[in-house]
Structures are given as structure tokens and as C-alpha cells.
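The values are calculated or read from the model by the stated rules, or taken from the named source; none is laboratory data. Bear in mind that the values here come from a model prediction, so they are computed numbers and not experimental data. All Cβ positions, glycine included, derive from the backbone under ideal geometry; neighbour counts span all protein chains shown. For the accessible areas, the whole protein counts, side chains as well, though only heavy atoms, and no ligand, DNA or RNA atoms are used. Shrake-Rupley method; radii C 1.70, N 1.55, O 1.52, S 1.80 Å.
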Amino acid sequence: MALDAFPNLPALCNKHPKPPQIRFQYGTAGFRTIATVLDSVLFRVGVLAALRSKRLEGRTIGVMVTASHNPEQDNGVKLVDPRGEMLDASWETHATVLSNAGTTDEFVLELEKLVDRMGIDLSRPARVVYGRDTRPSGPSLVSALEDGLAALGAEVRDAGITTTPILHYLVRAINTLGTEESYGEDSEQGYYQKLSAAYNKLVSPRQTPPPLLVDCANGVGAIIAERFAGYLGDRLTLVLENTAIDTAGALNNACGADFVKTSQKLPPSLVGRLQPGQRGCSFDGDADRLMYFYLDERSQFHMLDGDKIAALVAAFIVDLVKTAGLESQIKVGVVQTAYANGASTKYLSERLPVRCVSTGVKHLHHAAENFNVGVYFEANGHGTVLFSPAAQETLATYEPSTPAQSTALEHLRNLNLLINQTVGDALSDMLLVEVVLAHKTYDGSDWDSLYIDLPNRLVKVVVPDRNQFKTEDAERQLVSPPGLQAKINDLVRRYEGGRSFVRPSGTEDVVRVYAEAGNKSNADELAFRVAGLVYDVAGGNPANRPKEFI
Ligand code: 16G
Ligand code: MG
């Protein structure tokens with residue numbers, strides 16, 4: 001069968017012309033930009049999703065329309081592979097090429113090449129499930145996507161307004177339905193049931209935690225947390241804040257996980273709502289990132305980021321594995337990026353193997369798959385825990401010999417159900433944190449004192465061409481521009497406990513500089529010195545050199 005078996009394709013493509021002069025790129029988090037230019041991209045992603053499904057013998061592919069923590073006027077789209085993981089990296093290039101074809105003819109030509117090269121059998125069925133976040137631009141972009149899916153006659157399922165992690169869950173659940181690997185019922189209710197049942201087994205009524213304040217970023221998290229609360233009963237009280245999903249401009253605005261991480265303060269809307277001693281957490285706009293925080297008795301704000309979550313969770317799982325008597329069979333490891341605070345890396349390395357990989361979920365996820373139990377979190381709050389097929393088999397068949405072993409084994413089995421293993425999931429991660437806090441009888445400050453963060457500073461540098469910056473060693477060393485790394489090393493040596501690295505952003509047209517040092521003013525100074533070096537070496541216009549850069 002050839003593409004002309006889909007006679008509506010050209011006319012539908014004509015309905016969604018590519019804006020001239022814009023170059024799209026399928027980046028670390030799919031396509032993401034201002035929503036008004038994305039119509040043609042959504043149509044083409046629909047076609048590509050259908051092709052990907054045909055290529056994989058009709059297994060269901062997911063499409064999520066979201067721009068996560070970005071401002072409300074942005075939107076984006078990403079594809080989800082059949083096991084619920086991110087799109088295979090080799091297809092990112094196909095997505096980029098298709099999105100940039102200038103005309104319908106060029107688009108069809110590129111499609112033909114792809115079908116040919118990949119040996120795609122067009123007579124296979126195509127199945128696609130899609131969802132979107134609460135952005136006002138969502139409905140029209142979804143209808144462009146639907147045109148793309150219709151153009152190739154895909155069987156579709158609309159998951160409606162939902163979170164990115166629920167969409168990933170659905171994809172895996174649909175593709176494993178009725179198999180030995182069944183991931184759960186393939187519906188949003190199935191997701192709630194699976195998580196709440198596991199949570200209720202992990203936390204006994206006498207361990208019920210105090211109420212938890214949840215900042216929903218005025219996004220889809222507000223809808224799902226509200227529905228989910230009904231499944232938790234009185235076993236965990238969620239106090240939902242920033243739930244204004246219909247208020248124009250409210251999404252991610254001065255609230256949410258990214259705001260908390262970057263400004264390191266309480267969202268202004270929560271001042272007076274979060275009480276001293278109480279813990280709270282923030283989701284981002286599509287509820288795949290999580291940040292915790294608390295106020296101490298002097299009402300001082302303390303942030304508990306992805307690194308703190310990794311430390312809490314990994315140490316807990318290691319203890320359970322030991323208590324269960326499974327130490328020799330289940331190896332637990334942690335994956336971080338260079339942004340992980342040095343103090344967290346030290347804390348974790350003393351307890352278990354730690355690997356550092358490049359920024360971006362796909363790198364962390366793949367590295368975590370190499371452990372029996374792989375814990376990965378980015379400092380920005382995105383992460384999860386993966387139980388390998390071998391570890392799941394061990395948990396299913398192991399025969400404990402003492403009551404203590406048996407209890408620990410049960411806990412591990414339930415954690416395997418509680419954790420959304422397809423992708424980071426704010427709701428599932430939040431339950432995971434609550435389970436550990438309840439078991440350890442920790443409040444926010446007990447958790448915080450696992451280790452003390454090294455003072456650090458992140459700085460953005462606008463340069464003429466960020467593509468001249470190339471890194472190696474998990475982004476910790478610059479190989480280009482030549483000579484710059486040696487200069488950075490010279491600077492870093494002058495600061496006690498100093499560490500700094502430079503990498504081009506994958507989502508913004510900037511270069512990022514990270515620095516750590518023994519005290520805050522040294523961390524700031526080191527970051528601004530390195531930023532100055534970067535600016536000058538990259539040929540930044542001296543007239544616009546930010547005055548903080550040293
Ligand atoms: C994207 C990535 C996130 C990463 C961030 C880095 C996914 C789903 N998301 O949001 O993991 O931390 O980009 O942004 O992979 P940057 O390259 O601009 O620093
Ligand atoms: Mg997100």
C-alpha cells in the first residue's frame with residue numbers, strides 16, 4: 001500500500017499550512033513554543049504518530065499536548081512510545097524533518113521517504129491515544145492533531161484533559177492489557193485505583209500524615225488531585241491551592257514547581273496558607289514535576305527539591321531491600337545530572353551506586369534501567385523509580401523467612417505498584433514521599449536534615465550562538481569553544497569546595513552556568529565569573545554585557 005491510499009491527506013495538510021520562516025525542533029521535551037504557530041506541527045505529529053503505530057504493528061502510541069511549566073501562551077506536543085516511555089530518539093529527527101517541510105508536496109515527499117526507509121507497512125492499523133493540559137490553546141491544537149490522525153485513518157482515543165503522567169500510564173496500560181505484564185486498568189479510574197490501593201496498604205490508619213498543602217499551579221493537577229482525593233478517603237488529606245484552571249493567565253504564574261525551584265521561595269499565593277511546621281508541595285502545569293517545602297517555626301521557607309526526594313526515597317528502598325533479605329539479589333542505584341547538589345551526591349554515594357548523566361528525562365530513564373531498582377530525579381523535581389523485570393520477578397517469587405522480611409517484601413511489592421514507572425509523576429511521587437515520611441515519622445525539617453545543600457547559583461547567559469558550546473562527561477566538561485574549560489578550571493580552583501559547569505540549554509536559546517561553593521557569596525561570585533568568561537569567549541556584544549558578570 002502506498003500513501004495515495006489516503007486520498008484525504010493532501011487536502012487535510014493544506015488546511016494546516018506551515019508558517020514560513022519558522023524552524024521547528026523536536027527537543028528534549030518534544031515541540032514547544034508559542035501556541036499560535038503550532039497548528040501545522042500538531043497536524044504533522046498526528047500523521048507521524050499514526051505512522052509510528054503502523055511501524056510497531058498497531059501498538060498504541062500516545063500524544064500529549066502540553067507546554068508543562070511554560071507560560072500559558074505557549075504550548076507543545078510530545079509522543080509517547082508503547083511502553084509509556086518517551087519517543088525513541090531516532091524518531092525525534094523524523095519529527096523535526098516532517099515539521100519543517102515547507103509545503104504539502106514537500107511534506108508528502110518526506111513522508112514517502114520515511115515510509116520507505118523504515119519499511120513501514122501502511123496497511124497495518126494505527127492506534128493513538130491523546131490528551132492535553134488545561135491551556136486555552138489546547139482544543140484547537142487537538143483538532144489539528146485529529147486531522148493528522150484522520151488523514152491516515154488511525155483509530156483514536158481521546159483521553160481529554162489529563163496529566164502527562166496519566167497519558168503515559170494509559171499508553172502502557174492499553175498496550176499491556178490482558179497480558180502477563182498488565183500495568184493496570186486502561187482508564188483514569190484504573191490509575192487512581194492502582195495508586196490509592198497501594199498507598200492504603202503502605203500507610204496504616206495510625207500512620208495517617210497531617211494534611212498536605214498542594215500547589216496545583218492553576219493547571220490540570222488541580223483536576224486530577226481533586227478526583228484522586230476521593231479515592232484516598234481520610235488516609236491523606238490534600239489541601240488543594242492554586243486551582244484556578246479557568247482564570248486567564250494564571251497557569252504556572254508565580255506558582256508551581258518551576259517557580260519554587262527557580263525563585264527558591266513560597267508562591268506568594270500560599271503566604272498565610274502554609275503554617276509553620278506544615279509541609280506543602282508544588283506540581284507543574286502538566287503534573288510531572290514535584291517540589292516539596294516547609295516553613296520552620298520562625299516561618300523561614302525551606303525547599304525540598306528533586307535531590308532531597310531522591311535521597312529520601314533511595315535510602316528508604318535500600319533499607320527495605322536489606323530488611324527483606326534481598327540485598328544480594330536486588331541492587332539499588334541512583335541516577336542524577338550535574339545539577340544535583342554536591343551534598344546530595346555525597347550523601348547518596350555513601351549508601352549506593354550513583355551515576356551522573358546528561359540533562360533530560362530520557363537520559364536518566366535509560367540509565368536507571370541498568371539497575372535492578374533505579375531511582376532517578378532531576379533537581380527540578382522530575383523523576384521516578386524503576387523496578388527492572390528481574391527485580392519484579394524476585395519480588396513476586398521470593399519466600400521470606402521472618403515476619404520482618406515478609407513485611408519489608410510486602411512494602412516493596414506495593415511500592416512497585418504505587419510508583420508510576422513510565423515517567424516522573426507528581427501525584428505518584430507525592431504519595432511515595434508521604435509513605436516514606438509516615439514510615440520514618442519525619443516532618444519537613446527531619447527530612448531536610450538528611451544533608452545540608454551546598455550553596456549554589458544558576459545563571460543564564462545569552463550568547464550569539466549557543467550551538468558552539470559542546471560538552472562531554474555528562475555535560476560536566478566543555479570541549480568547545482576550545483580553551484574555555486581550562487579557564488573555568490582555573491577559576492574553580494580558587495574557591496574552596498568550588499564546582500562549576502557550563503552547558504547549552506535544550507529548551508531556551510541560552511547557555512546555563514551552574515556553580516557551587518562553600519558559602520553563598522562565593523557560589524554567586526564563581527557563577528558570575530564563569531558567566532563573564534562564557535559571555536566574552538562566545539563573542540557577546542560588550543555593550544550588552546550584564547553588569548553582574550565579572
Ligand atoms: C526539559 C526536560 C527536563 C530538563 C529540562 C532542561 C524532559 C521531559 N524534560 O524540560 O528533563 O531538566 O528540559 O532544560 O525531558 P534546559 O535544557 O533548558 O536546561
Ligand atoms: Mg512538566
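Of note:
- Set E399, E410: member being open to solvent by 10 Å² or more (accessible area, probe 1.4 Å) and free of Cβ contacts under 8 Å to residues at least 60 places away in the same chain: E399
- Enumeration of residues in the stretch 18-60 that are more than 16 Å from ligand 1 (Cβ to nearest atom) and of a type in the set (K, R): K18, R23, R44, R52, K54, R55, R59
- Inter-residue pairs, beta-carbon under 7 Å, first in contact (Cβ under 8 Å) with a residue 24 or more places away in the chain and open to solvent by 10 Å² or more (accessible area, probe 1.4 Å) and in the stretch 204-217, second part of a helix (DSSP H, G or I) and of a type in the set (G, A, S), 6+ apart: Q207/A438; P209/A438
- Selection over the stretch 274-288 of residues that are within 16 Å of ligand 1 (Cβ to nearest atom) and either of a type in the set (G, A, S) or surrounded by fewer than 24 Cβ atoms within 10 Å (Cβ to Cβ) (or both) gives a count of 3.
- Those helices (runs of 4 or more DSSP H) of the stretch 80-180 in which at least 3 residues are within 16 Å of ligand 2 (Cβ to nearest atom), considering only elements entirely within it, cover 164-176.
- Looking only at residues of the stretch 364-378 that are open to solvent by 10 Å² or more (accessible area, probe 1.4 Å) and touching a residue at least 24 places away in the same chain (Cβ under 8 Å), we find that the one that is farthest from ligand 1 (Cβ to nearest atom) is N372.
- Any hit, the stretch 495-505, residues being more than 16 Å from ligand 1 (Cβ to nearest atom), buried (at least 18 other Cβ atoms within 10 Å of the Cβ) and hydroxyl-bearing (S, T, Y): yes
- Candidates in the stretch 218-247 are the residues that are of a type outside the set (D, E) and part of a strand (DSSP E or B); of these, the one that is nearest to G138 (Cα to Cα) is L240.
- Where G360 falls short, out of the listed (1) farther than 26 Å from Q329 by Cβ; (2) open to solvent by 40 Å² or more (accessible area, probe 1.4 Å): (2)
- Test for L352: is it buried (at least 22 other Cβ atoms within 10 Å of the Cβ) and not assigned by TED's automatic domain parsing to the domain that holds C281: no
- Failed criterion for G325 (all others in (1) surrounded by fewer than 20 Cβ atoms within 10 Å (Cβ to Cβ); (2) within 16 Å of ligand 2 (Cβ to nearest atom) hold): (2)
- Which listed residue, of V37, V108, V97, V77, is of a type outside the set (D, E, K, R), surrounded by 23 or more Cβ atoms within 10 Å (Cβ to Cβ) and either outside the structural domain of C255 (by TED's automatic domain parsing) or touching a residue at least 60 places away in the same chain (Cβ under 8 Å) (or both): V77
- Evaluated against (1) without any contact (Cβ under 8 Å) to a residue 12 or more places away in the chain; (2) more than 16 Å from ligand 1 (Cβ to nearest atom); (3) not β-branched (V, I, T), S299 falls short on exactly one condition, (1).
- With respect to the conditions (1) touching a Phe, Trp or Tyr at 6+ places or on another chain (Cβ under 8 Å); (2) over 27 Å from P165 (Cβ atoms), L386 lacks only one, and its number is (2).
- Checking each residue in the stretch 36-69 for being within 16 Å of ligand 2 (Cβ to nearest atom) and within 15 Å of L145 (Cβ to Cβ) picks out G62, V63, M64, V65, T66, A67.
- Taking first residues from the stretch 134-150 that are free of Cβ contacts under 8 Å to residues at least 24 places away in the same chain and within 11 Å of R44 (Cα to Cα) and partners that are surrounded by fewer than 19 Cβ atoms within 10 Å (Cβ to Cβ) and not charged (D, E, K, R), no Cβ contact under 8 Å between residues at least 6 apart in sequence or on separate chains turns up.
- Members of the stretch 427-473 found to be buried (at least 19 other Cβ atoms within 10 Å of the Cβ) and of a type in the set (D, E), listed by number: D429, E434, D448
- Set S196, S137, S204: member being hydroxyl-bearing (S, T, Y), farther than 19 Å from E57 by Cβ and out of contact with any helix residue (DSSP H, G or I) (no Cβ under 6 Å at 6 or more places or on another chain): S204
- The number of residues in the stretch 61-74 being open to solvent by less than 10 Å² (accessible area, probe 1.4 Å) and within 16 Å of ligand 1 (Cβ to nearest atom) comes to 7.
- The stretch 379-433, residues that are within 16 Å of ligand 1 (Cβ to nearest atom) and over 13 Å from the mean Cα position of the chain (by Cα): L386
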